[in-house]
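Please read the structure below before turning to the comments.
The values are calculated or read from the model by the stated rules, or taken from the named source; none is laboratory data. Bear in mind that the values here come from a model prediction, so they are computed numbers and not experimental data. No Cβ is skipped: glycine too gets one built from the backbone with ideal geometry, and neighbour counts run over all protein chains shown. Remember, those area values only see protein heavy atoms, side chains included, never the ligands or the DNA or RNA. Shrake-Rupley method; radii C 1.70, N 1.55, O 1.52, S 1.80 Å.
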Amino acid sequence: MSSTSSPATTALADPAIDQEMRLRIADQLGARFNGDFIGPDHADYSDARSVWNAMVDKRPGAILRCTSTEDVVAAVSVARANGLPPSIRCGGHSVSGKALAERGLTIDMSGMRAVTVDAERRLVHVGGGCLLGDVDEATARHGLIVPAGIMSETGVAGLALGGGIGWFSRKHGLTCDQFISLELVLASGEVIEVSATEHPELFWALKGGGGNFGVVTRFTFRAYSFGPMMRVGVSLYEPEDAAQALRDYASIVPTLPRTVGWHAALKHDMPALPFVPPEMVGRRLLMLISMWLDDADDPAGVELVERLATVGQPCVKATTVMPFAARVQKVIDEEFEDGHRYYTKEAHVLELADQAIDTLVAFWKDMPMQGEVEIIGLGGAIADVPEDATAFSNRDYLLWLNFAMRWDDPANDRDYIDRTRKIVGDLKPWIGKGIYVNMLNFDEMDRVVEAFGGPEKYARLGRVKAQYDPENFFRMNYNITPLPSQPVSAG
Ligand SMILES: Cc1cc2nc3c(=O)[nH]c(=O)nc-3n(C[C@H](O)[C@H](O)[C@H](O)COP(=O)(O)OP(=O)(O)OC[C@H]3O[C@@H](n4cnc5c(N)ncnc54)[C@H](O)[C@@H]3O)c2cc1C
């Protein structure tokens, strides 16, 4: 389904912002707005319009960097007054660049990065512009974590509103499963608190429905005791030993307790990670990494992490204990830093069969682009939550596949994108239904309904949208079109 097909979508034009409109917006904002008004002439414009993926080259007409809920209310109100459906930016990691509105208005949340930890009640209040690293750093001081992603630079808001998978998902579930309440600025400018008891249907929709319903200015998450140290085991494999190691991996994963996460990365060139000997840096290697999600000194964890590191014929194996927030969460930050050209494809694995492994390994051995093919071991607590309990869908998969391809020369765009599409096509017999909404790419806009769990769930989301954003003001996203309830006919 096209995200631009609904009449509600066409009711608002998407005008380009020119200098005259910028002056008008500045005038309308007046003293209500204490953030930064960043137009093309502003010193921060270049940085503010840069996102993770350098293939995204959008030039917003105005970027309103907010510092408070009042700023967001003012930004929403001027956007509405000028018929400008805003994009919302948090960490800028949307793979297709949804954070920015081409020549339009972007509400930039990066001025709202406060984190407050209520250690006694295990609650964490997180500003709508925080990165994962902000939360990890604040919670680590109290021996707590909020389950989120696998690196420090992803935005909390985009990740959590789409679901949020990561190292702790097997033990505690998704990031959106940890929502206690959210402060939300609606299209009308009204500020509401959303929780299981206040606006419960909207609360359901925010757990996976993305930025469709308003701007989240504050999340309150449930936190868990952890660390600060994490037990980690790593094994590296030469290409000729990779297929056997992955076969062992595929057979062991279903037997594991939920206190461990075990993941595979087929790396084009091994980065200089803490446990990688210098002679292995830059080599094409498979890495298996296990993480014990409980007490780092638990003998059961020591034994299991050691055992997993010896699977197959590793050329290097290491087990270690590292601070989670300060090290583990930053291990791949550099490898996937902002500013390179990236193309990603996510798929849910139905079965990691021998033939699928062979197909994958053959692709990886020849793959010219940098980056990695990731197999992420999930399952566990994710599937404890019933499928219809949240907008997030497809909780039953044990393994998720992600192609995270990286390069720098634009001349390679076509070839490298085609290669990635082809391998995903070749793997189709082993791929399950659905796609993670947070990994939808620019060429997958026809999969939006599928990403939101199919027509029935999409329709339920559409009814929530019709209630809280009937004009589809927030549509610079993986869009849910408003679906007004059918009037009940008399008699
Ligand atoms: C390098 C990398 C690593 C990743 N790792 C993980 C991972 O470990 N786990 C995982 O689940 N996903 C991961 N992702 C996917 C990630 O969840 C999505 O890209 C997500 O959209 C990123 O959120 P962001 O805030 O950084 O993005 P942005 O591009 O800033 O925002 C994306 C969208 O989120 C919405 N949004 C942002 N802020 C707000 C707000 N305050 N209120 C309402 N809506 C808002 C808007 O619709 C916006 O278009 C990763 C992506 C990348 C590029």
Q. By the gyration tensor of its Cα atoms, with a ≥ b ≥ c the square roots of the eigenvalues, what is the shape of segment 333-395: rounded for a/c under 1.5, prolate for a/b over b/c, or oblate?
A. oblate
Q. How much accessible area per residue does segment 103-241 have, in Å², with a 1.4 Å probe?
A. 30
Q: State the percentage of accessible surface on the chain attributable to carbon and sulfur atoms; use a 1.4 Å probe and exclude ligands, DNA and RNA.
A: 51
(Q) Taking the full set of protein chains and a 1.4 angstrom probe, give the accessible area of LEU398 in square angstrom, rounded to the nearest 10. (A) 60
Q. So what are the chain's ellipsoid semi-axes, whole angstrom, largest first, if each one is the square root of 5 times an eigenvalue of the alpha-carbon gyration tensor?
A. 38, 24, 23
**Q.** Centre separation in Å (Cα based) which lies between segment 72-101 and segment 332-376
**A.** 31
Q: Please arrange ASP241, ASP57, ASP36 by accessible surface area, largest first, computed with a 1.4 Å probe and ligands excluded.
A: ASP57, ASP36, ASP241
**Q.** Per residue, in Å², the accessible surface of segment 356-491 once ligands and nucleic acids are set aside, probe 1.4 Å
**A.** 43
Q: Whole Å is fine, so just give me how far the alpha carbon centre of segment 148-219 lies from that of segment 416-491.
A: 17
Q) Where does each of 72-82, 105-115, 264-274 land if you order them by average Cβ count within 10 Å, highest first? A) 105-115, 72-82, 264-274
(Q) Not counting ligands, DNA or RNA, and with a 1.4 Å probe, what is CYS315's accessible surface area in Å² rounded to the nearest 10? (A) 50
Q. Using θ = phi - 60° and the Karplus curve 6.51 cos²θ - 1.76 cosθ + 1.60, what whole-Hz ³J(HN,Hα) does each residue of segment 132-148 get, with Gly and Pro shown as x?
A. 4, x, 4, 6, 4, 5, 5, 6, 4, 5, 10, x, 10, 9, 10, x, 9
**Q.** If the convex hull is drawn through the Cα atoms of segment 181-325, its volume per residue in Å³
**A.** 164
Q: Note the angle between two axes, namely the Cα long axis of helix 69-81 and the longest principal axis of the Cα atoms of the chain, as a number of degrees from 0 to 90, rounded to the nearest 10.
A: 60
Q. Hey, what do the phi angles of segment 373-383 turn into as Karplus ³J(HN,Hα) couplings, whole Hz, using 6.51/-1.76/1.60 and θ = phi - 60°, x for Gly and Pro?
A. 9, 9, 10, 9, x, 10, x, x, 5, 4, 7
Q: Step through the residues of segment 258-272 one at a time and calculate ³J(HN,Hα) from phi using the Karplus curve (6.51 cos²θ - 1.76 cosθ + 1.60, θ = phi - 60°), rounding each to whole Hz and writing x for Gly and Pro.
A: 6, 7, 9, x, 9, 9, 10, 9, 8, 9, 5, 8, 5, x, 7
Q) Working out 0.36 nm times the residue gap between ALA114 and ASP297, then minus their Cα-Cα distance, what length gain in nm do you get to one decimal? A) 62.7 nm
Q: Tell me which residues come under 5 Å, amide H to amide H, from ILE180 once H is placed; ignore anything under 5 positions away on its chain.
A: THR220, PHE221, ARG222
Q: Round to the nearest 10 and give me the degree value, 0 to 90, for the angle of helix 299-309's Cα axis relative to the longest principal axis of the chain.
A: 80
Q.
Across segment 244-344, what fraction of all alpha-carbon pairs, as a whole percent, falls in each successive 10 Å bin from zero upward?
A. 12, 44, 36, 8, 0
Q | List LEU350, LEU174, ordered by accessible area with a 1.4 Å probe, largest first | A | LEU350, LEU174
Q: Could you state how much accessible area TRP400 has, in square angstrom rounded to the nearest 10, with a 1.4 Å probe and all protein chains kept in place?
A: 10
(Q) Given the options TYR397, ILE88, LEU202, identify the residue whose Cα lies farthest towards the positive end of the charge dipole of the chain (+1 on Cβ of Lys, Arg; -1 on Cβ of Asp, Glu). (A) LEU202
Q) Relative to the longest principal Cα axis of the chain, at what angle does helix 455-468 sit, 0 to 90 degrees, rounded to 10? A) 40
**Q.** Heavy-atom accessible area ranking, 1.4 Å probe, most first, across TYR224, TYR416
**A.** TYR224, TYR416
**Q.** Net length gained if the chain between ALA389 and PHE37 were fully extended (0.36 nm per residue, minus Cα distance)
**A.** 122.8 nm
